[in-house]
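For reference, the structure is listed below as structure tokens.
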Amino acid sequence: MIGKLNHVGVATPSIENSVAMYRDLLGATRIHEKFAMPDQGVWVCFVDLPNSQIELIEPYDDKSPIKNFLAKNPQGGQHHICFEVKDIIAARDEMIAKGATVLGTGEPRIGAHGVPIIFLHPKNTGGVLVELMQEPAHGH
Ligand SMILES: CC[C@H](C(=O)O)C(=O)SCCNC(=O)CCNC(=O)[C@H](O)C(C)(C)COP(=O)(O)OP(=O)(O)OC[C@H]1O[C@@H](n2cnc3c(N)ncnc32)[C@H](O)[C@@H]1OP(=O)(O)O
Ligand SMILES: [Co+2]
């Protein structure tokens, strides 16, 4: 069911500092402008890779779902991985049928790439927060 690795989510207390590290230390050359996703409680900034992306995420406000994560990991860290799926509704239903916990209301929400996403609870996925994302019509 899971397809391409669309992105690796990296939580950071400062997208600005993380961008400087990816650019100056790691030599990333295609770094997008950050943008706000208030409904999801995060600022987002994509670092393009030849075969995927790094998704830098910073808390937008005190209600951010990554606040606790950063409280435990003050310098940030690898937060989630995102796989593309052909049909997000079918994938959501399959996950529930297989006993996995779909986070939030269970209804897909629009993610950073403008397509529906869901998250699975890490307790069902070997301690790794997994995001499933509707495969974009035009590829990522
Ligand atoms: C949506 C825009 C963008 C996109 O790609 O489109 C994004 O990806 S934004 C990403 C940020 N949004 C989310 O992560 C939404 C889903 N996440 C959540 O609902 C929460 O983060 C949740 C429920 C996974 C954890 O919430 P919280 O940390 O507040 O709860 P706890 O501290 O009680 O943790 C519960 C349990 O889960 C473990 N945990 C927490 N975060 C992670 C993680 N990133 N990876 C692995 N495990 C995680 C935590 O250690 C606790 O484990 P326990 O054994 O119970 O101590
Ligand atoms: Co993500």
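The values are calculated or read from the model by the stated rules, or taken from the named source; none is laboratory data. Since this is a predicted model, take the numbers as computed values, not measurements. Glycine also receives a Cβ, built like all others from the backbone with ideal geometry; neighbour counts cover every protein chain displayed. The protein model used for the area step is the full one, side chains on, heavy atoms only, and it has no ligands, DNA or RNA in it. Shrake-Rupley method; radii C 1.70, N 1.55, O 1.52, S 1.80 Å.
Taking Gly127, Gly77, Gly41 as the candidate residues, the one with maximal mean-square fluctuation in a Gaussian network model of the chain, Cα springs under 10 Å, is Gly127. Between Asp24 and Met37, the modelled labels are 2.8 nm apart [label points 7 Å from Cα along Cα→Cβ].
Lysine pair count for the chain (Cα-Cα distance under 20 Å; residues 8 or more apart in sequence or on different chains): 8. Length gained on full extension, Leu49 to Ala97, computed as 0.36 nm times the residue gap minus the Cα-Cα distance: 13.9 nm.
Accessible area per residue was computed with a 1.4 Å probe on protein heavy atoms; Arg109 scores about 120 Å². Just going by the charge dipole of the range 5-134, with Lys and Arg at +1 and Asp and Glu at -1 on Cβ, which of Ile110, Ala71, Ile31 is farthest out on the positive end? My answer, from the dipole projection, is Ala71. Surface composition of the range 5-134: carbon and sulfur atoms hold 55% of the protein heavy-atom accessible area at a 1.4 Å probe. Sorted largest first by accessible area at a 1.4 angstrom probe radius, with every protein chain in place, the residues His7, His121, His32 fall in the order His32, His121, His7.
Take the chain with all the other protein chains still there, run a 1.4 Å probe, and you get 56 Å² of accessible area per residue.
Note on Lys86 and His138: the model spin-label points, each 7 Å out from Cα along the C-beta direction, lie 2.3 nm apart.
What do the square roots of 5 times the Cα gyration tensor eigenvalues come to for the chain, in whole Å, largest first, as semi-axes of the equivalent ellipsoid? Result for the chain: semi-axes of 24, 18, 13 Å.
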